[in-house]
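Structure first, commentary second.
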Amino acid sequence: MRRSEFLRAVDTEFQARASSLVNDLALSALRGRTALEALADGTPPREIWLALCVEMDVPDNRRHGVGRLEPRGH
């Protein structure tokens, strides 16, 4: 997952709350850092996305393959 895919996934899943969650929510799985801090520290966007999903109780079926403009073929 690229940074742009991460941001697109967050926007799609959380809509109006996306910016607030990325900037303000301290994520337990990321040692209390926000998504923005973790990105700045070099944490892979996929790891941040999954931590955010866990924290916000996003169902499993909405966690994988999101953020892409066109889904990959299998």
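Quick rundown of the values:
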{"item": "Residue ID - nearest to F6 (Cα to Cα), chosen from residues in segment 27-36 that are in contact with a helix residue (DSSP H, G or I) (Cβ under 8 Å, 6 or more places away or on another chain) and open to solvent by 70 Å² or more (accessible area, probe 1.4 Å)", "result": "L36"}
{"item": "Residues located in segment 39-57, provided they are farther than 14 Å from R2 by Cα and aliphatic (A, V, I, L, M)", "result": "A51, L52, V54, M56"}
{"item": "Residue ID - most open to solvent (accessible area, probe 1.4 Å), chosen from residues in segment 11-21 that are without any contact (Cβ under 8 Å) to a residue 24 or more places away in the chain and of a type outside the set (D, E, K, R)", "result": "Q15"}
{"item": "Selection within segment 49-59 - within 20 Å of R8 (Cβ to Cβ) and either surrounded by fewer than 16 Cβ atoms within 10 Å (Cβ to Cβ) or of a type in the set (G, A, S) (or both)", "result": "A51, V54, M56, P59"}
{"item": "Among the candidates R2, R63, R8, R46, residue that is within 11 Å of the chain's Cα centre (by Cα) and open to solvent by less than 50 Å² (accessible area, probe 1.4 Å)", "result": "R63"}
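The values are calculated or read from the model by the stated rules, or taken from the named source; none is laboratory data. Just so you know, these numbers come straight off a predicted model, no measurement behind them. Here Cβ is always computed from backbone atoms with ideal geometry, including for glycine, and neighbour counts include all displayed protein chains. Quick note on the areas: whole protein, heavy atoms, side chains included, nothing else; ligands and nucleic acids left out. Shrake-Rupley method; radii C 1.70, N 1.55, O 1.52, S 1.80 Å.
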